[in-house]
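Here's the structure, in structure tokens; my notes come after.
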Amino acid sequence: MTSKNTICLWYDGTALEAATFYAATFPDSRVGAVHRAPGDYPAGRQGDVLTVEFTVLGIPCLGLNGGPAFRHSEAFSFQVATDDQAETDRLWHAIVGNGGEESACGWCRDKWGLSWQIMPRALTAAISDPDPAAARRAFEAMMGMRRIDIAAIEAARRG
């Protein structure tokens, strides 16, 4: 690891599978070094994958196969800014369609329990519109969505 600050994500034996999925799904993502345990540990045996260095959208991460003691929660998530509906749909469907789960307002959870918000830049612009009424309409439209529909957000923004 060369970064001074790295996000460490805890997995129950599936860090390499998760890292491989993220690298295949998100641009500027890759799997780096895979480190195997030099001895037995509470969640595994000598030779098992202990940690995986990977990058998600340019952010350095370390996947730790620490066992079942800790689970991901919505208190930590990746927020991914998308440029258009096609990119929004592709990422949303990749996560949800790979054993993940939909949530509200652009949020979804991958099959490992990690939360993602797939956030179109158009939504960010709409809910920060200098016209408070336009921002409110866009915000209210978003509140009823799971996957963000950019055309519906823009229509709500226009009134």
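The values are calculated or read from the model by the stated rules, or taken from the named source; none is laboratory data. This one's a predicted model, so the numbers in the text were calculated from it and none came from an experiment. FYI the Cβ positions are ideal-geometry reconstructions off the backbone, even for glycines, and counts take in every protein chain you see. The area values use the complete protein model at the heavy-atom level, side chains included, leaving out ligands, DNA and RNA. Shrake-Rupley method; radii C 1.70, N 1.55, O 1.52, S 1.80 Å.
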Inter-residue pairs, beta-carbon under 6 Å, first without any contact (Cβ under 8 Å) to a residue 40 or more places away in the chain and open to solvent by 50 Å² or more (accessible area, probe 1.4 Å) and in the range 123-135, second in a helix (DSSP H, G or I) and not acidic (Asp, Glu), 6+ apart: 127/135; 127/138; 127/139
Selection over the range 111-123 where residues are of a type outside the set (A, V, I, L, M, F, W, C) and farther than 24 Å from residue 73 by Cβ yields a count of 2
Residue ID - surrounded by the most Cβ atoms within 10 Å (Cβ to Cβ), chosen from residues in the range 1-28 that are under 13 Å from residue 62 (Cα atoms) and in contact with a helix residue (DSSP H, G or I) (Cβ under 9 Å, 6 or more places away or on another chain): 11
Regarding residue 50, is this residue without any contact (Cβ under 8 Å) to a residue 24 or more places away in the chain, crowded, with 20+ Cβ neighbours inside 10 Å and not in a loop (DSSP other than H, G, I, E, B)? yes
Any idea which of (1) open to solvent by less than 70 Å² (accessible area, probe 1.4 Å); (2) out of contact with any helix residue (DSSP H, G or I) (no Cβ under 6 Å at 6 or more places or on another chain); (3) within 26 Å of residue 97 (Cα to Cα) is the one residue 33 doesn't satisfy? (3)
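Residue by residue, here is whether (1) closer than 30 Å to residue 37 by Cβ; (2) among the aliphatic types (A, V, I, L, M); (3) over 11 Å from the mean Cα position of the chain (by Cα) holds:
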{"position": "53", "(1), (2), (3)": "yes, no, yes"}
{"position": "56", "(1), (2), (3)": "yes, yes, no"}
{"position": "64", "(1), (2), (3)": "yes, yes, yes"}
{"position": "72", "(1), (2), (3)": "yes, no, yes"}
{"position": "86", "(1), (2), (3)": "no, yes, yes"}
{"position": "93", "(1), (2), (3)": "no, no, yes"}
{"position": "103", "(1), (2), (3)": "no, no, yes"}
{"position": "119", "(1), (2), (3)": "no, yes, no"}
{"position": "142", "(1), (2), (3)": "no, yes, yes"}
